[in-house]
Each structure stands twice: as structure tokens, then as C-alpha cells.
Amino acid sequence: MHTNVYDVLKERGFIKQSTHEEEIRELLQNEKIKFYIGFDPTADSLHVGHFMQVIIMMHMQKFGHTPVVLIGGGTGMVGDPSGRSDMRQLMTPETVSENCRRFEVLFSRFIDFSDGKAIAANNADWLLNLNYIEFIRDIGRHFSVNRMLTAECFKQRMEQGLSFLEFNYMLMQSYDFLELFRRHGCKMQFGGDDQWSNIISGVDLIRRETGERAYGMTFTLLTTSEGKKMGKTQKGALWLDADKTSPYEFYQYWRNVEDADVRNCLSLLTFLPMEEVEALSALRDSEINRAKEILAYEVTKLVHGEEEAAGAQGAAKALFSGGGSMDEAPTTVIPAERFSGGGIGVVNLIREIGMVPSNGDGFRAIEQGGLTINDEKITDKKFVVTKELFIGDSILIKKGKKTFHRVKLG
């Protein structure tokens, strides 16, 4: 049993780079520290890429360290160029502030903020009222433009053109670290590996301004075995908000990961002991499906709670094997009268419920023999869905082996 959270993070495969490896390990062993992770409110919900950082804060909190959750009400006005090949769309102050509010609600589901066990901060508090001349005199003087231009996050943008607005981002993120160091005694910053340049700049700024030592660490980004970012679905990002990604869709995403990604996901996204992770990821062929079910259940339980996870698992079993309950399957309610008379063409129907993005994709699904209604294969592209097909008040449409949708009469 590890007594140092550093060893836990190392063993589970989180740590990518750190500024002072041995010192950080000793620090986390001998002190209870305050550390921070920043989240820019670029959308109105957190997605699964953020969730890995949330899990890190949960691990740290379990060992008695204090997370400072920094929401970027200031930096969110600018946008971070790291890991992007285009400039972010600028958001209105109202949108930024509403997104910040929603982030706070989501974080309180995962992190314990009672009795000072965690701190919520917003960099709008110090960035929005900065005096520009004072800022570039006091802070800007510590930054070498030549060195900044060699940073990975700027290098990849140089070809497309990097605006001065984005160039400022590194200064602002470094200044955040300095402010949190001064305000809360925050000694360490964590972030995804695309944040390395910004993190070391913050560590350097604290040393130059205060003469004190601060630390930084980056984590592996959540990617597939082929190096693609995980959490992208046909509909876009995999969100933690049930209104944007239903618990069933969320569960299905993890249930369908590639065999090669099972170990990584179990290790980074659940709290299962590593012996169990190793045993599950050693399973082969059809047996590995058991590991995927456990992965999907555990991650869904963490994000949506036990009841939703059990419901999603029941729905998946109902669809795959005829057991369990279909209540949690993605469902669209359509007025019964639309199926009377001429009914609805099957291709129009599957496009309307979001199973395919276009009629062309619908026709292709039928051509390839991948579309069934109530387990009957549809071979006619002009097939019409009428009331007679409904069993009780529902039909179940499947596309391929993994995409299911229930249509219910309203």
C-alpha cells in the first residue's frame, strides 16, 4: 500500500514530466501541500479530458493535499494556443461567466470543498483589473521573447500566425501561479503535457520574483494506443454533463474502447487497485469484454453515480443479450400520428433521431446490411416505418453492432 501519492500517480501512469522529480516526491511525502490545476471555461460543461485532471485532484485530496481549482474567468477571455492549430473563438464576458458558474457546480460533485479541504479560485479576480504598464514592467521583464518562441505551444502556431493576444497567454498563466503562490501558498502546478512550457515559465517567474522554489508536473494526455485523443464521439466531445452526453451514451463509449486501451483507461480513470487493473487487462478475446463492462460501469459510477451506472449497464445488457431493462437506452419520443397513414421513411427517421448525419449515410447503412428494426434486417432503402411495427409503444433500431436507439410513441 503506497503512503506517497507520487508513487500512486507514477504507478498508474499519470506522470509525464516534472520539474524536480526527487524533490517533488519528498515534498509530497513529508508535507501536505496546496497545488493547482487551471481550467478555462471554453464550454458550458467539462469533458472527459478534464476528468483525468479531476481524478488527479481526487487522488491528491485522498492523501491530504489541498487542490486549488482555478477557473479561468480571465484567461478564458483570451484562449490558450497550446495544442491547437487555430485561434479560439473569443467568447463574450457573459458566456465566460456563465461557463465558470457551471464548472463550479460540476467540480463540487467530485472534490470536497468543505472545511478548506479544497479552494475554488477564479483568475478574473486578479487578471481583469490589471494595469497594463505595471504588468509589463513588473512581470513582462522576466520573459525572453526568444525563449518563448522556442516553446512547443507557440512553435506549432508560428506557421499559421500567432496573435499577440495569444502570445500573452504564457505571461498570464505564469502570473496565475505567482498569485496563487502569494495568496494561498500554492507550491505546485499540474497540467496536461501540452501545458509544460506554461508551467515551467510559472515556476521560473516565482523564483525570479520571490526567490522561492515552486514545482510543476505534467500528465499524460488521455489518448488511444494509436495516439489519438480519447473522448471524441460522432456527436463531438464526451461530456460529463448528463444533459449533453446521456449516462447510457457515456457508458457505451467506455464499453466499446479498443482492447489495447483497456489497461490505460482502467488505470487512469478508475480507482480500482492496480492488481485488479492488471488482472482485468490481461484478459483476452471475448473475455476482455468483462473488463470493458467493469471499466464502463466504474467510470460512469464516478461521473453520474451508482444508480445511473447500474441503469446504463442494464440497458446495454438488454440491447446486447435480451436481458436487463431497456429504459436507459437513448430514446426519442415521436407523436404517434406521424406513423399513421403513410408513416415515416426509415432513412428520414434515422437521420431525425441522430443515428446518421445525412440521408446518404442512411442509404449506405442499409446497403451494407447494417440496419435492423426489432432485429429484422432492413434491405429496402424506401422502407416505411408505420405504427404496426411497434411492440407496445416502442421499436428498437440498431445500426451496426454498437449503435442502438429506441423510438417511442408519444
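The values are calculated or read from the model by the stated rules, or taken from the named source; none is laboratory data. Worth saying up front: this structure is predicted, and the values here are computed from it rather than measured. Glycine gets a Cβ as well: all are built from the backbone with ideal geometry, and neighbour counts include every protein chain shown.
A few notes on this one:
- Tabulated pairs, the range 320-341, first in a loop (DSSP other than H, G, I, E, B) and of a type in the set (S, T, N, Q), second surrounded by 13 or more Cβ atoms within 10 Å (Cβ to Cβ) and modelled with pLDDT of 65 or more, C-beta under 7 angstrom, 6+ apart or interchain: Ser325/Gly314; Ser325/Ala315; Ser325/Ala318; Ser340/Lys387
- Yes/no for Ile206 being β-branched (Val, Ile, Thr) and closer than 19 Å to Ser18 by Cα: yes
- Subset of the range 161-176 that is under 15 Å from Asn122 (Cβ atoms) and touching a residue at least 60 places away in the same chain (Cβ under 8 Å) - its residue that is surrounded by the fewest Cβ atoms within 10 Å (Cβ to Cβ): Met172
- Pick from the range 149-161, criterion under 16 Å from Ser201 (Cβ atoms) and not in a helix (DSSP H, G or I), ranking: farthest from the chain's Cα centre (by Cα): Thr150
- The range 174-205, residues that are assigned to a helix (DSSP H, G or I) and within 21 Å of the chain's Cα centre (by Cα): Asp193, Asp194, Gln195, Trp196, Asn198, Ile199
- In the range 371-410, of all residues being in a loop (DSSP other than H, G, I, E, B) and β-branched (Val, Ile, Thr), the one that is surrounded by the most Cβ atoms within 10 Å (Cβ to Cβ) corresponds to Ile378.
- Residue match in the range 103-113 (condition: exposed (fewer than 14 other Cβ atoms within 10 Å of the Cβ) and at pLDDT below 90): yes
- Yes/no for Leu221 being part of a loop (DSSP other than H, G, I, E, B), surrounded by 13 or more Cβ atoms within 10 Å (Cβ to Cβ) and either over 16 Å from the mean Cα position of the chain (by Cα) or modelled with pLDDT of 95 or more (or both): no
- Taken over the range 336-370, the residue count meeting the criterion of being surrounded by 19 or more Cβ atoms within 10 Å (Cβ to Cβ) and more than 17 Å from Ser394 (Cβ to Cβ) is 5.
- Residue satisfying all of: in the range 236-261; surrounded by fewer than 17 Cβ atoms within 10 Å (Cβ to Cβ) and over 21 Å from Leu106 (Cβ atoms); modelled with the lowest pLDDT among these: Asn256
- Qualifying position, being assigned to a loop (DSSP other than H, G, I, E, B), surrounded by fewer than 17 Cβ atoms within 10 Å (Cβ to Cβ) and at pLDDT 95 or above, among Lys16, Lys32, Lys10: Lys32
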